[in-house]
Structures are given as structure tokens and as C-alpha cells.
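Some notes on the structure that comes next.
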Amino acid sequence: MIKNIARGLSALSLALVPLLSAPAAQAAPAPEVTTLADAVGLVQVTEEDRTGYTRSSFKHWNSGDDAADGCNTRAEVLIAEAVVAPTVEAGCKLTGGTWRSYYDGQEVSSAGSLDIDHMVPLAEAWDSGASAWSAARREAYANDQGADVSLVAVTARTNRSKSDQDPADWMPPSPEAQCRYVGEWVSTKLRWGLTADDRELEALKVYAEGPCEDTIVRYTPAP
């Protein structure tokens, strides 16, 4: 009887060893949360330089967050942002589904009518600091699903109207979208440590100190 108890205690102690010795799982870092005005104040100001930029400097779309699902980043973003989920067929072909393009408030029922917009366009990112990054970091930026605001499914029309312009020259056509857009633009700049030029900063301040003064910005620095 005593031997059986001893064996039980011994087995229990061995079972506890992995639990006691295993390193604690690291919690995801808490996002920084601040007002839009304070967030704008955190963006460093420098002159922009597009020398040497090519779109191919940012590899996209890659195999996405789940390399085993057969979908690239574009498709994964479409699946994640659908308000009615599409059917995912062989080869990650998406059929059905519904999306809402928040830039213009349009409801879209065809994945082919949507672009995946880089909140801060690739050329703007290059101008603002990405020219000094490694190719791997530029690829991470171009496929960033670590923040919900980095990539957004919108109508092709609005994405191409925006092109590579910053908020000094382009804003979403829907007035209801503009404060959200400015907040997400600044969040992306802070997440990736990107700078702004004088015109861009002044445009951001106009919104931050006026119609968007109640907007809250959340961001987590990119790894």
C-alpha cells in the first residue's frame, strides 16, 4: 500500500516537472492607445525622398499568415474582412461573399471588384523610411496582417483614386470614413516607425484638432 502511494506521488511529481520547467507563454504586447492629436505629435517629420523606388521592392502578395491554407495575403484579407463569408474553393478561389468598402460606403458582392489597399501606400512608405529597410522587412510591411488597419479591402475605384497620395492630397470620398482613415493612417505610420513630411503633418493636424479630435489611435510597434 505504501509503495503504491509512493509510486503515485512519484508519477505526480514527474507529471508536474514539464509544467514547472516550461517557460511561460509570452502575452501579446498591449497596444499603445492615445488621442489622434497626441499620436500625430509622435510622428517624426522629415523630407521625403522617392529615389530608387520600385513597387517590386516590396514583395507581395506572399503566402500569407497561414502558409498551409493555400491562400495568399490578398485572399486572407478578403476572407477576414467579409461581412458575409465567401466560399473558399480549390486553389483559394473565392465565390460569393459580401464586403463593405468603408472608403466609399459601397457594398460589394464580387471579390474581383476589390483591391487590397496598403493603408500607407508602398511608395509613401519608401519615402518615409522603408528605403532603408531590408527586403525581408519590406515584405513583412507589404503583407502585414498583424494589425487590422494595415491592409483594407476597398473598391478598386477608390484605391486607384488614392494611388500613392497621403492625406494632404487624398481622403476617402465618404465623409463618415475620414476620421477613421486618418486614425488608421497615423496608427500605421507609428506601427512601422515611418515619418511624415511637412504638408502631410499639417493636414493630419487639421483633422486631429478639428472634426476628428475625439478619434482614438491604437497601435502596436511592428516586430
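The values are calculated or read from the model by the stated rules, or taken from the named source; none is laboratory data. Keep in mind it's a predicted model, so treat the numbers as computed, not measured. Glycine also receives a Cβ, built like all others from the backbone with ideal geometry; neighbour counts cover every protein chain displayed. Note: areas computed on protein heavy atoms with side chains; ligands, DNA, RNA excluded. Shrake-Rupley method; radii C 1.70, N 1.55, O 1.52, S 1.80 Å.
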* Asked: Charges only on Cβ, +1 for Lys and Arg, -1 for Asp and Glu: so what's the dipole of the chain about the Cα centre, in debye to the nearest 20?
  -> 1200
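Can you list, largest first and rounded to whole Å, the semi-axes you get for the chain by taking the square root of 5 times each eigenvalue of its Cα gyration tensor?
Values: eigenvalues 323, 118, 68 Å².
Working from the Cα gyration tensor, I get semi-axes of 40, 24, 18 Å.
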* Structure fact -> Applied in sequence order to the range 84-99, the curve 6.51 cos²θ - 1.76 cosθ + 1.60 (Karplus, θ = phi - 60°) yields integer Hz couplings, x standing for Gly and Pro, of 10, 5, x, 7, 9, 9, 3, x, 6, 6, 9, 10, x, x, 9, 10
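If Lys205, Lys189, Lys93 are ordered by their accessible area, calculated over protein heavy atoms with a 1.4 Å probe, which sequence runs from highest to lowest?
Numbers: Lys205 75, Lys189 5, Lys93 120 Å².
Descending accessible area places them as Lys93, Lys205, Lys189.
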* For the chain: relative contact order, % (alpha-carbon pairs under 8 angstrom, 6 or more apart) -> 29
* Structure fact -> Unit-weight point scatterers at every alpha-carbon of the range 130-223, Debye formula, q = 0.24 1/Å: log10 I(q)/I(0) is -1.50
* **Area of Glu202 that stays accessible when all protein chains are in place (1.4 Å probe, Å², to 10)** => 100
* Asked: Accessible area per residue, 1.4 Å probe, Å², for the chain: what's the number?
  -> 55
* Report Leu94's accessible area, 1.4 Å probe, all protein chains in place, as a number in Å² to the nearest 10. => 30
* Structure fact -> Rounded to a whole %, the carbon-and-sulfur portion of the accessible area of the chain at a 1.4 Å probe is 53
